[in-house]
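Worksheet for the structure shown next.
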Amino acid sequence: MTVPLPPLPPIGDDEDYRPGGRSMVDLLAEEHDRIAALRALLTADGPPERRGEVAEVLTATLARHLSGEEQYLYPAVRALLPDGDALADRELAADTALLRTLRELAGTGPAEQRFTRLAAEVADRLRRHAETASTVIFPGLRATVDEADLIRLGNRVEVAEEAAPTRPHPDSPTTPPWNRLVEPALGVVDKVRDAVTGRPTYVEDLTPPPHG
């Protein structure tokens, strides 16, 4: 089934045409794996400075990931899956709650007991998020959407994530068209703040753990 997409270049009449890029489902599933690894680092024992750094990277990673899902995954869920509107609404509400918890975490020192409690709450929310995607959303889309459209959606998600915010904004719009206008603007502001403060936002920015 063809998914309603933003304007894209024509692909011609070749039924075997396969665009370059990765399927949205494969892309987001891979991101869920990376997020799970960061989640484990966040809740593991370690120096407060290390946990604080991990929290910054996890928050930025999630801000990008959730922005891409809101702009392209959930519109496809609404259009194509049974009870898609209700499912998308539940997931968006859960994502907003997660962003609020991340904002609380950002305002809490990593040496505080409250940080440990909030980190555990974030981990629980992330487990639920990934489970719903892997057991309900992704199988439903694989069964409904042809591979070419999933790849085209994946390309759009990658572009959206590149321009996305790196900090939690739970009060920003969560549905098109407004989120596609607001998120890049928030992303510009966040990236300026990150550059000024030297904030780590990618796994590659993490300080290697001490050996021995």
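Readers should treat all values here as calculations from the given coordinates under stated rules, not as data from a laboratory. Since this is a predicted model, take the numbers as computed values, not measurements. We place every Cβ from the backbone using ideal geometry, glycine too, and count neighbours over all the protein chains shown.
Quick notes on this one:
- Coupling constants for segment 137-148 follow from the phi torsions by the Karplus curve (6.51 cos²θ - 1.76 cosθ + 1.60, θ = phi - 60°), and in residue order they are 6, 5, x, x, 6, 4, 7, 10, 9, 6, 4, 4 Hz; glycine and proline get x.
- Shown is the FRET efficiency for Arg128 and Val192, computed with R0 = 35 Å from the Cβ-Cβ distance and rounded to the nearest 0.05: 0.60.
- Within the chain, the longest segment free of exposed loop sites, counting GluC sites (Glu not before Pro) that fall outside DSSP classes H, G, I, E and B and have at most 16 other Cβ atoms within 10 Å, spans 113-212.
- In segment 173-212, Rg over Rh equals 1.23, where Rg is the alpha-carbon radius of gyration and Rh the Kirkwood radius from pairwise Cα distances.
- Per the Kirkwood formula applied to alpha carbons, the chain shows a radius of gyration over Rh ratio, Rg over Rh, of 0.99.
- Modelled label positions at Ala44 and Trp178, each set 7 Å beyond Cα in the direction of Cβ, lie 4.1 nm from each other.
- Potential lengthening between Ala36 and Ala93 on full extension [0.36 nm per residue; Cα-Cα distance subtracted]: 18.5 nm
- Cα gyration tensor shape for segment 102-174, rounded if a/c is under 1.5, else prolate or oblate: oblate
- Between helix 113-132 and the chain: long-axis angle, C-alpha atoms, 0 to 90°, nearest 10: 20 degrees
- Per-residue Karplus couplings for segment 104-110, computed as 6.51 cos²θ - 1.76 cosθ + 1.60 with θ equal to phi - 60°, are listed in order as 4, 4, 5, x, 10, x, x Hz, Gly and Pro entered as x.
- The distance between label points at Arg100 and Thr135 comes to 2.5 nm (points 7 Å beyond Cα on the Cα→Cβ vector).
- Within segment 41-132, all pairs of alpha-carbon atoms sorted by distance into 10 Å bins from zero give the percentages 16, 45, 25, 12, 2.
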